[in-house]
Amino acid sequence: MNEIEVIKARHSVRNYKPTPIEQGKVAQIKEMIEELNKEGNLHLQFVEDAGNTYNKLLNRAMGLNSAPSVIACVGKDAEDLEERIGYYGEKLVLFAQSIGLNTCWAGTFNRKNLDAEIADGEKLVISIAIGYGADQGRAHKSKTPEQVTEVAGTAPDWFTKGVELALLAPTAINQQKFVIRLNADESVDFIDKGGPYSKVDLGIVKRHFEIGAKH
């Protein structure tokens, strides 16, 4: 599948099979994480045994406690950390989808039980559940392009395609609290309207828009 096909196929999955991830795929994930950590100045970590990371009542109610493994999204605390986590974390999420795995961005989890290395000055921002889904998830209701854009003049095709893919980006509680502004000089601004994990969401949205605009 190409990147657009991967985005369209990928949905958040909260119920997982007990099947562990094969070591060959674990190696691929770790290799991708190493690349993304260098590229994004992050400390993303693959934790093979999710253990009791998702033992909170809400996680159990959703079925997320069935996830076999987890990605700990860690980085040196900085103003843009959450946005970078979203951007590079979504690269990892889409890579996982491309090799047959399922994922779910999860802001609610038991931080004390996540076996991650967090150095001085670093922050654990969010987690990503990963494994083989009991199903492939489902699409959620989305806002219209008009609800999330501000356009000076007529939007070119690349912008329209970018917005189309941005609207498929996963956001916390499906809030989609962002605006994509096309300026008269065809530069693009991404505006965070606030909300839970909205800065992480904005990074995810940027990655999706980039893929759509490129194609």
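Return the pair list, or none, for Cβ contacts closer than 6 Å from residues in the stretch 175-188 that are outside the structural domain of W105 (by TED's automatic domain parsing) to residues that are hydroxyl-bearing (S, T, Y), at least 6 apart or on different chains.
Pairs found: K177/S198; I180/T149.
Give me the pairs, please: first residue somewhere in the stretch 18-36 and more than 24 Å from N65 (Cα to Cα), second residue anywhere and in a helix (DSSP H, G or I), beta-carbon distance under 7 Å, and either six or more positions apart or on two chains.
Qualifying pairs under 7 Å: M32/L92; M32/F95; L36/Y88; L36/K91; L36/L92.
Name the residue, out of A67, A9, that is closer than 17 Å to T108 by Cβ and not hydroxyl-bearing (S, T, Y).
A67
Restricting the stretch 143-169 to residues that are among the polar types (S, T, N, Q) and surrounded by 15 or more Cβ atoms within 10 Å (Cβ to Cβ), which is nearest to I191 (Cα to Cα)?
The selected residue is T149.
Which one of the conditions (1) out of contact with any Phe, Trp or Tyr (no Cβ under 9 Å at 6 or more places or on another chain); (2) closer than 23 Å to A155 by Cβ; (3) polar (S, T, N, Q) does T171 fail to meet, given that it meets all the rest?
If we test T171 against (1) out of contact with any Phe, Trp or Tyr (no Cβ under 9 Å at 6 or more places or on another chain); (2) closer than 23 Å to A155 by Cβ; (3) polar (S, T, N, Q), just (1) comes out false.
Of all the residues that make up the stretch 144-193, how many are part of a strand (DSSP E or B) and not polar (S, T, N, Q)?
So the answer is 12.
Any idea how many residues of the stretch 45-78 are assigned to a loop (DSSP other than H, G, I, E, B) and surrounded by 22 or more Cβ atoms within 10 Å (Cβ to Cβ)? Before the answer, list the steps.
If we filter the stretch 45-78 for residues that are assigned to a loop (DSSP other than H, G, I, E, B), which is where we start, we get 48-56, 63, 67-68, 77-78.
Imposing the further condition that a residue be surrounded by 22 or more Cβ atoms within 10 Å (Cβ to Cβ) reduces the set to 50, 53-54, 67.
Looking only at that region, the number is 4.
Which residues, taken from the stretch 97-107, are assigned to a loop (DSSP other than H, G, I, E, B) and surrounded by 16 or more Cβ atoms within 10 Å (Cβ to Cβ)?
L101
If you go through the stretch 5-27 one residue at a time, how many are under 18 Å from the mean Cα position of the chain (by Cα) and more than 18 Å from T171 (Cα to Cα)?
Number of matching residues: 3.
The values are calculated or read from the model by the stated rules, or taken from the named source; none is laboratory data. Model, not experiment: these values are computed from the prediction. Please note: Cβ atoms are built from the backbone with ideal geometry, for glycine as well, and neighbour counts cover all protein chains shown.
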